[in-house]
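Undergrad: This is the structure I have questions about; it appears just below.
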2 protein chains.
Amino acid sequence: MTGKFYGIGVGPGDPGLITLKAQAILSRVDLLCVPKSSVKKDSLALSVVQAVTDREHQLLELDFPMSKERQILEQSWRHAGQQVAAKLNAGQDVAFITIGDPSLYSTFGYLLRFLKADCPQATVEIVPGVSSITACPAALQEPLVEGEEKLAVIPAAYSLEDLKSVIEGFDTVVLMKVNRRLPELMHFLKQYDNLRTFFVSRCGYPDQLATSEPERLLEEKLHYMSLLIVKKNKPAGDNDK
Amino acid sequence: MTGKFYGIGVGPGDPGLITLKAQAILSRVDLLCVPKSSVKKDSLALSVVQAVTDREHQLLELDFPMSKERQILEQSWRHAGQQVAAKLNAGQDVAFITIGDPSLYSTFGYLLRFLKADCPQATVEIVPGVSSITACPAALQEPLVEGEEKLAVIPAAYSLEDLKSVIEGFDTVVLMKVNRRLPELMHFLKQYDNLRTFFVSRCGYPDQLATSEPERLLEEKLHYMSLLIVKKNKPAGDNDK
């Protein structure tokens, strides 16, 4: 019997925000795979797993280099897919764990594509997790979108020109991993007088930072697990609608 | 002692996708509040709660009329806020439950604003939940966004003109509650030859529908808990990147 491959979102970091289903699967699967390159991230996902299960897991470390070269990346994903396929073919279940959710900016998607090419008979189950995109507004007690509002989510690398049109067309914009760009972004956003901005880093951890005054943080060294929420003020009197 | 007010996302509907924290809070809070008007939705959130706790909850039904008139809505939110405030002031903890996540298109935000005005001393905790926005791609085994891709989330009421510019500017667009508009949308999307579309309804329920061929559903009566994912094809050969 071929084993089953799980892609599991463990939530934003607070062990309380893992789902019952993720906990149940992680309590019975022996073999966890984690990307080796992003050491910080791994140990975060692993620490959540260790907080909610008693099982001693074996680890399969997958080598995803930080390269931007297409060929190097493909080779590493293919190799990772083969490593997972070998375990599945030997009858072992394997769980790939990721902070947040496996469908949102996770390495899981790449791995899955190569695995499916290599091991088409594998059964796959993806368990969605709570994303920082909603955990941060919960920490701020500030709704992300309501009614007919539109939401945009933008990753770290984008031009300010690009950001301009997004800000103009959307009610709420979430900018992921803004730590290094915060001063530049806050300066850029000064041109608008109809925006409110919120910054959250390390959401759900003891050192969580959540503020509606990101301009106070411009001198600080910020953690990469961070996002900026930009909300457009509604027309006068409309904020209660 | 004033009671504590919780806003709790119970996830997209599968009881396995509730978080440990939500389950723990709902196991100790006696009083749940649910919006009366959206009867279907309530019973969904309630059925998740009943599946994961043994407690017999009291219910505080809040009357949110389906009106579009500002004054009627404000009156109902204010009244709901007062009802919750009365319970908190009497020392009871109260949990507002919502399918999905309380920060994404939930009535919770309105209620919270009015409650805070009425009962500024209340302690509030928001527990984020898994949203259908990531549960649906998990069911499809199709990543939502990867690498430097941009995501837009658009609610039911929008013009096709508006949609056009969003589709052109984003890698992935999630259209919420598309059930009634599916034929119109699929017709509109025909003009693009670089898109893939996915439809999911009732994600995580026994009657879940998840397909990469929404054009086959144009004659069907579809559930309102539905969304359409529109993904732009990457440049040739780039789909494995």
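The values are calculated or read from the model by the stated rules, or taken from the named source; none is laboratory data. Predicted model only: the values in this text are computed from it and were never measured. With ideal geometry, Cβ positions are generated from the backbone for all residues, glycine too; neighbour counts draw on all protein chains shown.
Undergrad: Could you list, in sequence order, all residues of the range B:49-72 that are free of Cβ contacts under 8 Å to residues at least 24 places away in the same chain and closer than 17 Å to residue A:147 by Cβ? First the steps, then the outcome.
TA: Step one: of the range B:49-72, the residues free of Cβ contacts under 8 Å to residues at least 24 places away in the same chain are B:50, B:56, B:67-72.
Passing the criteria: B:67, B:68, B:69, B:70, B:71, B:72.
Undergrad: May I pose another question? Which of the residues that make up the range A:80-95 are in a helix (DSSP H, G or I) and either within 14 Å of another protein chain (Cβ to nearest Cβ) or more than 13 Å from residue A:35 (Cα to Cα) (or both)? Lay out the reasoning, then the answer.
TA: Step one: list which residues in the range A:80-95 are in a helix (DSSP H, G or I), which gives A:80-89.
Of everything in the range A:80-95, those that are in a helix (DSSP H, G or I) and either within 14 Å of another protein chain (Cβ to nearest Cβ) or more than 13 Å from residue A:35 (Cα to Cα) (or both) turn out to be A:80, A:81, A:82, A:85, A:86, A:87, A:88, A:89.
Undergrad: Going residue by residue through the range B:218-226, is there one that turns out to be within 18 Å of the chain's Cα centre (by Cα), closer than 25 Å to residue A:174 by Cβ and either assigned to a loop (DSSP other than H, G, I, E, B) or of a type in the set (D, E, K, R) (or both)? Break it down into steps so the answer makes sense when it comes.
TA: Of the range B:218-226, the ones within 18 Å of the chain's Cα centre (by Cα) are B:222-226.
Remaining after also requiring closer than 25 Å to residue A:174 by Cβ: B:225-226.
Now drop any that are not either assigned to a loop (DSSP other than H, G, I, E, B) or of a type in the set (D, E, K, R) (or both), which leaves B:225.
Looking for residues that are within 18 Å of the chain's Cα centre (by Cα), closer than 25 Å to residue A:174 by Cβ and either assigned to a loop (DSSP other than H, G, I, E, B) or of a type in the set (D, E, K, R) (or both), one finds at least one in the range B:218-226, hence yes.
Undergrad: Take the residues in the range A:21-48 that are in a helix (DSSP H, G or I) and modelled with pLDDT of 95 or more; name whichever of them is nearest to residue A:132 (Cα to Cα).
TA: Step one: of the range A:21-48, the residues in a helix (DSSP H, G or I) are A:21-28, A:39-48.
Remaining after also requiring modelled with pLDDT of 95 or more: A:21-28.
On the way: A:21: 19, A:22: 17, A:23: 19, A:24: 22, A:25: 22, A:26: 21, A:27: 24, A:28: 26 Å.
Once the filter is applied, the top-ranked residue is A:22.
Undergrad: Select from the range A:12-28 the residues that are surrounded by fewer than 22 Cβ atoms within 10 Å (Cβ to Cβ) and more than 8 Å from chain B (Cβ to nearest Cβ) and write down the one among them that is nearest to residue B:48 (Cα to Cα).
TA: Once the filter is applied, the top-ranked residue is A:25.
Undergrad: Please specify each residue of the range A:157-212 satisfying the condition of being surrounded by 16 or more Cβ atoms within 10 Å (Cβ to Cβ) and part of a loop (DSSP other than H, G, I, E, B).
TA: Listed by number, the residues that qualify are A:170, A:171, A:177, A:178, A:202, A:203, A:204, A:208.
Undergrad: Further question on the same structure: Assigned to a loop (DSSP other than H, G, I, E, B) and at pLDDT below 95: is that true of residue A:64 in this structure?
TA: Numbers: assigned to a loop (DSSP other than H, G, I, E, B): yes; at pLDDT below 95: yes.
Here the answer is yes, as residue A:64 does meet what is asked.
Undergrad: Still on this structure, I have one more. Could you please give the count of residues in the range A:104-156 that are part of a helix (DSSP H, G or I), over 15 Å from residue A:33 (Cβ atoms) and at the interface with chain B (Cβ under 7 Å from one of its Cβ atoms)? Spell out how you get there, then give the answer.
TA: Step one: of the range A:104-156, the residues part of a helix (DSSP H, G or I) are A:108-118, A:132-140.
If we keep only those that are over 15 Å from residue A:33 (Cβ atoms) too, we end up with A:113, A:116-117, A:132-140.
This time we only want the ones that are at the interface with chain B (Cβ under 7 Å from one of its Cβ atoms), so: A:113, A:134-135, A:137-138.
Within the range A:104-156, residues that are part of a helix (DSSP H, G or I), over 15 Å from residue A:33 (Cβ atoms) and at the interface with chain B (Cβ under 7 Å from one of its Cβ atoms) number 5.
Undergrad: Quick check on residue B:61: is it more than 25 Å from residue A:52 (Cβ to Cβ), surrounded by fewer than 20 Cβ atoms within 10 Å (Cβ to Cβ) and in contact with a helix residue (DSSP H, G or I) (Cβ under 9 Å, 6 or more places away or on another chain)? Show your work before the answer.
TA: On the way: more than 25 Å from residue A:52 (Cβ to Cβ): yes; surrounded by fewer than 20 Cβ atoms within 10 Å (Cβ to Cβ): yes; in contact with a helix residue (DSSP H, G or I) (Cβ under 9 Å, 6 or more places away or on another chain): yes.
Answer is yes for this residue.
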